[in-house]
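Below is one structure, written out as structure tokens, with a few remarks after it.
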Amino acid sequence: MTTDRQQFTGSMRFLHWLMAATVLTMLGIGVAMVTSLGEYHRLVSIHRPLGILILILVVIRFVNRLFSTLPPFPATMSPRERSAAHWSEILLYALLFVEPLVGWGMLSAARYPIVLFGSLHLFPILPHSVMLYAALRRAHTLLAYLLFLAFIAHFGAILFHTLIVRDRMFSRMAPWRVRAL
Amino acid sequence: MESKSRQLPSDSTASTKKQTALLAGRSRMVRLAGIGVVILAVIGAFLYLGGWFSPHKLTPVRFVDEFERVNGRYSGFRRNHAKGVCVRGFFDSNGRGTRLSKAVVFRIGRVPVIGRFSLGGGDPHASDELSAVRGLGLQFSLSDGEQWRTAMINLPAFPFKDPQAFYDNVVASEPDRNTHQPDPAKMAAFLANNPETVRALEIIKSHAPSSGFDNSTFYGLNAFRFVDAQGTWTPVRWTLVPVQPYEAVGATGASQDKNFLFDALIASILQHPLQWHLILTLGQLGDPTNDATVPWPEGREQVDVGSLTLDSVESEETSPARDINFDPLVLPAGISPSDDPLLSARSAIYSQSFTRRAGETKEPSAITPSDVRK
């Protein structure tokens, strides 16, 4: 049995952990900035370019996944768990793709300048409409909470498998190379 | 309960078989509890960052809630400076600002401007008053697609040093249910706690307001950093000084008409374009940049960087300026925020106000499209 078949590929693991760090940072910044007065501007100035970075990363990650060979599910996973894992992966990919687009779209609809850094800014992707902005602004919050809940479910499932079922589920995505599973 | 004999396909040794077997009994409970604690800690950290454990913290939501509670809530209108009229024009830069800032707006040339004159207060149908704070929000659209937005007022000093002081003032100025006037005791207590407000009010009182919008000086109030091409920055405050000559209140006689200030502005702009000079005041070492209640000392170097011309006027109902949030931190590269705590707070609170009104039904403005026609 080769190690490659038991662990996700190096590029998949690298992208997974890079996105784990950026997305968790982003969720923290997002939920903190909306309640902050003094740190609001600093946080928003990180939030915008980081969101665009996540959008780029999720596209790279999706393409990379299409061209990668995946390790099989561990035998410890029941058919129901496999189905849940499959659909939650689709949900996470969808949220990671849609959430930054909604952010970009809502700023576009309000005709805010979408400044990344310095004088570099993005073009608007939606027509000017404050009603549309208001709807997307609500959606942005809702999707962020959904993303956080999806993360908690994902995190909890990995902990359960690794610590209770003890099937070394974590090793499949461990940042380091695991020789034999 | 899962089967204890389940194995990974790769299992080959007895020790791995042992490891993969499901834990039973006490050890399993301890691990489950551990997972529970970790999950709760992550959720707790998320809620903590979101302010769930600090209900008394001053947030943009609490700030705007208080504004609505005291001033009332008017669907589709700004929560403060609710009454207004929109204008268009351009800014002619003379190039003198380029030595202080690399911002494209200061290169020689013309930049289109859209703006909005307003009166302070949450009621969009309030009667015009000479003592009301006059506001001017502007958006400069730079040739490289950048924007510069600023929201200025006609006071030479801002009465509040930070968002908490502003909030406390809103609370203290709530009209009494019976007298319809603010409670003098509450206001006195506020002033006793905020001596900087008392000092700022002295300065404000020494500058009598002019007869109208067109001959008002508008102050940017907060300090900013102007960053040049080398990355060197200078503390700057900006002012719009009217070309229209100052006229004291009373010279023309204050009208009792509900919209007399706006009507006069409309008449004036329809007669001839209105002009202001954009004057930068350069701060020196030691001049406070984090306290808008304190003007800088007299004699600071001033640079006239160009002139603003406003040549058309529109009702909010037809102008895109109604839907612009004049967030003072929408800045081009070359202008950065200072350490003034009001700036980030203004940005956060304006955004909250904007988000609320954006989703509401837009009610007709006090200054209607027919009011702005000749």
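Quick notes on this one:
- Largest GNM mean-square fluctuation among B:305, B:38, B:64, using chain B with Cα springs under 10 Å: B:38.
- Volume per residue of the C-alpha convex hull in chain B, rounded to whole Å³: 257
- When chain A is treated as a GNM with alpha-carbon contacts under 10 Å, the residue of A:35, A:162, A:76 showing the greatest mean-square fluctuation is A:35.
- For segment B:213-253: Kirkwood Rh in Å [reciprocal of mean 1/r, alpha carbons]: 12.7
- Theoretical FRET efficiency, 1/(1+(r/R0)^6), r = Cβ-Cβ of residue A:155 and residue B:26, R0 22 Å, to 0.05: 0.35
- Over chain B, DSSP H runs of length four or greater, each weighted -39,500 (n - 2.57), average out per residue to a 222 nm ellipticity of -9000 deg cm²/dmol.
- Segment A:78-164, relative contact order [Cα under 8 Å, separation at least 6], %: 29
- Degrees between helix A:40-66 axis and first principal axis of chain A (Cα, 0 to 90, nearest 10): 40
- 10 Å Cβ neighbours from other chains, averaged over peptide A:155-168: 5
- Since only B:220, B:105, B:345 are under comparison, the one whose Cα sits farthest along the positive direction of the charge dipole of chain B, derived from C-beta charges on Lys, Arg, Asp and Glu, is B:345.
- Number of partner chain Cβ atoms within 10 Å, mean per residue of A:36-47: 6
- For the peptide B:335-347, the mean number of other protein chain Cβ atoms found within 10 angstrom of a residue's Cβ is 2.
- For the Cα trace of segment A:1-155, dividing Rg by the Kirkwood Rh returns an Rg/Rh value of 1.03.
- Top of A:114, A:164, A:152 by mean-square fluctuation, Gaussian network on chain A, Cα under 10 Å: A:164
- Within segment B:281-335, GluC sites (Glu not before Pro) in DSSP loop having at most 10 other beta-carbon neighbours inside 10 Å: B:298, B:301
- Loop-exposed chymotrypsin sites (Phe, Trp or Tyr not before Pro) per DSSP, neighbour cap 12 Cβ within 10 angstrom, longest uninterrupted part of chain A: A:68-175
- Averaging 1/r over every pair of different alpha carbons in the protein assembly as shown and inverting the result gives a Kirkwood radius of 26.9 Å.
- Length-normalised contact order for chain A - Cα pairs under 8 Å, 6+ apart - percent: 28
- Over all directions, the projected convex hull of the C-alpha atoms in segment B:142-231 averages 9.8 nm² in area.
- Segment residue A:146..residue A:179, full-extension length gain: 8.3 nm, with 0.36 nm per residue of separation and the alpha-carbon distance subtracted.
- Kirkwood's formula applied to the C-alpha pairs of segment B:213-342 gives a hydrodynamic radius of 17.1 angstrom.
- Computed over chain B, relative contact order equals 22 percent, with contacts defined as Cα pairs under 8 Å that lie 6+ residues apart.
- On Cα atoms only, tilt of B:341-358 relative to the major axis of chain B in degrees: 90
Each reported figure results from applying straightforward, stated rules to the coordinates on display, with no laboratory input. Note that the coordinates shown come from a computational prediction; the quantities given were computed from them, not determined experimentally. Methodologically, a virtual Cβ is constructed for each residue, glycine included, from the backbone with ideal geometry; neighbour enumeration extends over all protein chains shown.
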